[in-house]
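Below: the structure, in structure tokens.
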Amino acid sequence: MFRHELAQQLRVDSIRASSAAGSGHPTSSMSAADLMAVLLDGHLRLDFDRPEDPRNDHLVFSKGHASPLLYACFKAAGAIDDAELMTFRRFGSRLEGHPTPLLPWVDVATGSLGQGLPVGVGLALTGKRLDRLPYRVWVLCGDSEMTEGSIWEAFEHAAHEGLDNLIVIVDVNRLGQTGETMHGWDLSSYARRARACGWRSIEIDGHDLEQIDAALRDAANPTGMPTVVLARTKKGKGVKEVEDLPDKHGKPLADPDGAIEELGGVRNLSVRVAGPEWEGRRHEFPAPGGALPRYRIGEEVATRKAYGEVLSALGSRQPDVVALDGEVSNSTFSALFRESHPERYFEMYIAEQQMVAAAVGMQARHWRPFASTFAAFMTRAYDFIRMAAVSRANLCLMGSHAGVAIGEDGPSQMGLEDLAALRAVHGSIVLYPSDANQVARLLPQLAEADGICYLRTSRGANPVIHSPDESFEIGGSKVVRDGSDVTLVGAGITLHEALRAADLLAEEGWQARVIDLYSVKPVDTVTLADAAANTGGIVTAEDHWPEGGLGDAVLDALAATGSLVPVRKLAVSVLPGSGKPAELLQQAGIDAHAIAKAARQLLHGS
């Protein structure tokens, strides 16, 4: 009887919160209320007074639009009071339209469907292999999001890793936003797919409290396999005005008072959610220390190789550093970390969404993940990166093989959008080092930085031009050659082209200042403003499309200073094909000769 009354309270409070806000998703919340009532009363192990207790279970609402239900659960558990529940969706409230970690019991932001389960896989992986604690990860999914490819990346990876600490509850309420879902109430269709991936599946009536209790008890028993509980439910359960009816999604009820009366009225029940019942603490890996790599000036080293070497060394110095890769570790050189620290390396295969999601889950448990793949492939996971920023996540991404300079592989492999994409992420850091010693200096800083950090690296080897004793700060730049006639700005491969262009100009009597703008965001406005004030113009060159990259970062910085200096922006403006790197740089108009030509035009006022 208590669980029934608790479920009704969760429905009522979902209606009340949505009605007070004038928006929300009460019907999606009402379908899963019985499931959550049973979970709270007897299965979840979470000390709400100690949300940082490493032994706590984790609860992820992958169907984040059901946030009224989640907040109603928090009220029932005594974590928030009724007054705060009624601030749902108001300006300044912690109870936002979709859950975020503003609330200490929320690990990650959800609301973009198909993300909560992949992040749950990351949390479960962390429990098994990093924390090495027996907490469980409970994920509530909606049936509409089961069509997302990221969901099935998660199903595949969870089974591959044997994550029997992961329990997924799918609220199969049949109705999506605009009509019936792809499989409706056909639980067996979901079950067949889950079993084919290597999961244990349990099919139940999601409104039968005894069936729910038995299923959750069974699911929590470790069997070496993750478990999915497929629950047949009715959207808007308990209120005739909306129950199992289309076109009721995402809006408050027309008659909330009548609906509340139909559900038995307002209740103020409290549920005592059990805390962890075992002792233990997070596993600690050894960190013997050691020096970071140092590279000789003139030595030719690809920055992607330096990334792997520095990351491996960093792993010996910081026990919280972990590495993930999308099955290109012999190209990104994260394989070097795997060889040195196999227990902290995670092969995510060709599943970039799951890779980033796993990193988000790991950082939620205070690990520092570095996830690497080709820059072009990172864009496949862009929605996960965007949502990671909403989660206030701290993680590092490395995109290798950037730009036309990769050569013969052709345009499908050339990351030409990544700087723009990552610059647009809230609070992000975007770095594009030009040599190996910069990587050695910058990577440890990324391990301590807040937010989404992105390191762009190059495929080909280039000469080391900076001393290993030089300092490089996030937000800085380096004037590698002084001059007063014109300024050349590059990063990565184009920095080396800019230096060659400066040599060509010097033969003609022009003294070019060359700036290594390795920090694309935040950008060094002071150094750029000084160049604008003391040289006759600026040429920027980047191995990237013209929109949103290094050149636009320079223009944004100069606009903020009110500078009127002329700027010529060189970037990849034609669709490249296959060829030698030098040929492609020339075709794109970003090689030394093109940079020198643009500088001459500025100097001659043409």
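The values are calculated or read from the model by the stated rules, or taken from the named source; none is laboratory data. A quick note: this is a predicted structure, and the numbers were derived from the prediction, not measured. Note: ideal-geometry Cβ built from the backbone for every residue, glycine included; neighbour counts use all protein chains shown.
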**Message:** For the stretch 141-161, give me the residue count where each residue is outside any helix (DSSP H, G or I) and of a type in the set (D, E).
**Reply:** 3
**Prompt:** Are any residues in the stretch 543-566 within 17 Å of L495 (Cα to Cα) and either touching a strand residue (DSSP E or B) at 6+ places or on another chain (Cβ under 7 Å) or not in a loop (DSSP other than H, G, I, E, B) (or both), and if so, which ones?
**Reply:** D543, P546, L550, G551, D552, A553, V554
**Asked** Of all residues in the stretch 319-336 being closer than 22 Å to A124 by Cα and either assigned to a helix (DSSP H, G or I) or not charged (D, E, K, R) (or both), which is farthest from the chain's Cα centre (by Cα)?
**Response** P319
**Prompt:** Which condition breaks for S573 when tested against (1) surrounded by fewer than 15 Cβ atoms within 10 Å (Cβ to Cβ); (2) assigned to a helix (DSSP H, G or I)?
**Reply:** (2)
**Request:** Exactly one condition in (1) more than 18 Å from D13 (Cα to Cα); (2) in a loop (DSSP other than H, G, I, E, B); (3) touching a residue at least 60 places away in the same chain (Cβ under 8 Å); (4) in contact with a helix residue (DSSP H, G or I) (Cβ under 6 Å, 6 or more places away or on another chain) is not met by V228; state its number.
**Result:** (2)
**Prompt:** For L230, are the conditions met, namely being out of contact with any Pro (no Cβ under 9 Å at 6 or more places or on another chain), at negative phi, outside the structural domain of D34 (by TED's automatic domain parsing) and at pLDDT 95 or above?
**Reply:** no
**Prompt:** Would you pick out the residues in the stretch 1-36 that are within 21 Å of A83 (Cα to Cα) and either outside any helix (DSSP H, G or I) or among the β-branched types (V, I, T) (or both)?
**Reply:** V12, I15, G22, S23, G24, H25
**Prompt:** Could you say whether any residue in the stretch 300-308 is surrounded by fewer than 18 Cβ atoms within 10 Å (Cβ to Cβ) and either among the basic types (K, R) or in contact with a Lys or Arg (Cβ under 6 Å, 6 or more places away or on another chain) (or both)?
**Reply:** no
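Looking at this structure, is S477 farther than 26 Å from V439 by Cα and in contact with a helix residue (DSSP H, G or I) (Cβ under 8 Å, 6 or more places away or on another chain)?
Numbers: farther than 26 Å from V439 by Cα: no; in contact with a helix residue (DSSP H, G or I) (Cβ under 8 Å, 6 or more places away or on another chain): yes.
The answer is no for S477.
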**Asked** P293 fails exactly one of the following numbered conditions: (1) assigned by TED's automatic domain parsing to the domain that holds R129; (2) in a loop (DSSP other than H, G, I, E, B). What is the number of that condition?
**Response** (1)
**Message:** Among the numbered criteria (1) outside any helix (DSSP H, G or I); (2) of a type outside the set (S, T, Y); (3) within 20 Å of P26 (Cα to Cα); (4) at pLDDT 95 or above, which one does D164 miss?
**Reply:** (3)
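A quick yes/no check of all residues on (1) over 23 Å from the mean Cα position of the chain (by Cα); (2) surrounded by fewer than 20 Cβ atoms within 10 Å (Cβ to Cβ):
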site	(1), (2)
A388	no, no
D418	no, no
V430	no, no
S434	yes, no
I452	no, no
S484	yes, yes
T487	yes, no
I493	yes, no
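Tell me which residues, restricted to the stretch 368-418, are closer than 18 Å to L311 by Cβ and not hydrophobic (A, V, I, L, M, F, W, C). Let's see the steps before the verdict.
So the first thing to find is which residues in the stretch 368-418 are closer than 18 Å to L311 by Cβ, and the list is 368-375, 378, 394-402.
Result: R368, P369, S372, T373, N394, G399, S400, H401.
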**Item:** Unique match (being of a type outside the set (D, E, K, R), touching a His at 6+ places or on another chain (Cβ under 7 Å) and more than 29 Å from E583 (Cα to Cα)) among A440, A424, A389, A393
**Value:** A389
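Tell me, yes or no, whether the stretch 254-265 has at least one residue that is touching a residue at least 24 places away in the same chain (Cβ under 8 Å), touching a Ser or Thr at 6+ places or on another chain (Cβ under 8 Å), part of a strand (DSSP E or B) and surrounded by 14 or more Cβ atoms within 10 Å (Cβ to Cβ). Give the steps one after another, and end with the answer.
Going through the stretch 254-265, the residues touching a residue at least 24 places away in the same chain (Cβ under 8 Å) turn out to be 256, 259-260, 262-265.
Filter again for touching a Ser or Thr at 6+ places or on another chain (Cβ under 8 Å), leaving 256.
Going one step further and asking which of them are part of a strand (DSSP E or B), we end up with none.
Within the stretch 254-265 (the criterion being touching a residue at least 24 places away in the same chain (Cβ under 8 Å), touching a Ser or Thr at 6+ places or on another chain (Cβ under 8 Å), part of a strand (DSSP E or B) and surrounded by 14 or more Cβ atoms within 10 Å (Cβ to Cβ)), the answer is no, since none of the residues qualifies.
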**Request:** Tell me which of these V514 doesn't satisfy, since it passes every other one: (1) closer than 29 Å to G451 by Cα; (2) in a strand (DSSP E or B).
**Result:** (1)
**Residues satisfying the stated conditions in the stretch 104-140, i.e. in a helix (DSSP H, G or I) and either surrounded by fewer than 24 Cβ atoms within 10 Å (Cβ to Cβ) or not hydrophobic (A, V, I, L, M, F, W, C) (or both)** = G116, P118, G120, G122, T126, G127, K128, R129, L130, D131
**Item:** Top-ranked residue of the stretch 387-415 - restricted to ones that are without any contact (Cβ under 8 Å) to a residue 60 or more places away in the chain and not small (G, A, S), ranked as farthest from V430 (Cα to Cα)
**Value:** Q413
**Request:** Would you mind finding the one in A154, A194 that is touching a residue at least 40 places away in the same chain (Cβ under 8 Å) and either crowded, with 24+ Cβ neighbours inside 10 Å or in contact with a strand residue (DSSP E or B) (Cβ under 8 Å, 6 or more places away or on another chain) (or both)?
**Result:** A154
**Message:** What's the number of the only condition in (1) assigned to a helix (DSSP H, G or I); (2) within 24 Å of G120 (Cβ to Cβ) that S316 fails to meet?
**Reply:** (2)
**Asked** Residue check, V526 against (1) surrounded by 17 or more Cβ atoms within 10 Å (Cβ to Cβ); (2) more than 29 Å from the chain's Cα centre (by Cα); (3) assigned to a helix (DSSP H, G or I), all met but one. Which one?
**Response** (1)
**Message:** From the list L69, L10, L40, exactly one residue is surrounded by fewer than 24 Cβ atoms within 10 Å (Cβ to Cβ), under 21 Å from A231 (Cα atoms) and aliphatic (A, V, I, L, M). Which is it?
**Reply:** L40
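Hey, among the residues in the stretch 509-519 that are over 19 Å from E470 (Cβ atoms) and touching a helix residue (DSSP H, G or I) at 6+ places or on another chain (Cβ under 8 Å), which one's surrounded by the fewest Cβ atoms within 10 Å (Cβ to Cβ)? Walk me through it before giving the result.
Residues of the stretch 509-519 that are over 19 Å from E470 (Cβ atoms), as a first pass: 509-512.
Those left that are additionally touching a helix residue (DSSP H, G or I) at 6+ places or on another chain (Cβ under 8 Å): 510-512.
Working: W510: 18, Q511: 14, A512: 26.
So, considering only residues that are over 19 Å from E470 (Cβ atoms) and touching a helix residue (DSSP H, G or I) at 6+ places or on another chain (Cβ under 8 Å), the one surrounded by the fewest Cβ atoms within 10 Å (Cβ to Cβ) is Q511.
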